[in-house]
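The values are calculated or read from the model by the stated rules, or taken from the named source; none is laboratory data. Bear in mind that the values here come from a model prediction, so they are computed numbers and not experimental data. Don't worry about glycine lacking a Cβ; one is built from the backbone with ideal geometry, like all the others, and counts go over all protein chains shown. Only protein heavy atoms, including side chains, enter the accessible area calculation; ligands, DNA and RNA are left aside. Shrake-Rupley method; radii C 1.70, N 1.55, O 1.52, S 1.80 Å.
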Amino acid sequence: MMPPFDRVDFDSTTLASATYDHRQNQLEVDFRDGSRYTYSTVAATVFQDLVDSPSKGKFFNQYIRGRFPFVRQITEN
């Protein structure tokens, strides 16, 4: 059985980490500036392609940003 969540830390100048919820098809992205966004209706293959991409920021800008509904999360500093 697949775990409900996958979380990956990134060595990227833009993205700090991403968490994928397999049950809800949601991708939560933490940015280096401290902001966090949750993207809906994201296929697991998009998450895996992000993880496998040599440039996380470039992949995010090309295949995620502006393509999925999102909500900015309130984070405590």
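Annotations for the structure displayed:
- Pick from the range 11-22, criterion small (Gly, Ala, Ser) and touching a strand residue (DSSP E or B) at 6+ places or on another chain (Cβ under 9 Å), ranking: most open to solvent (accessible area, probe 1.4 Å): ALA16
- Residues of the range 23-53 classified as open to solvent by less than 40 Å² (accessible area, probe 1.4 Å) and under 12 Å from ILE64 (Cα atoms), total: 9
- Among the residues of the range 2-21, those identified as under 12 Å from GLY57 (Cα atoms) and more than 9 Å from the chain's Cα centre (by Cα) are PHE10, ASP11, SER12, THR13, THR14, ALA16.
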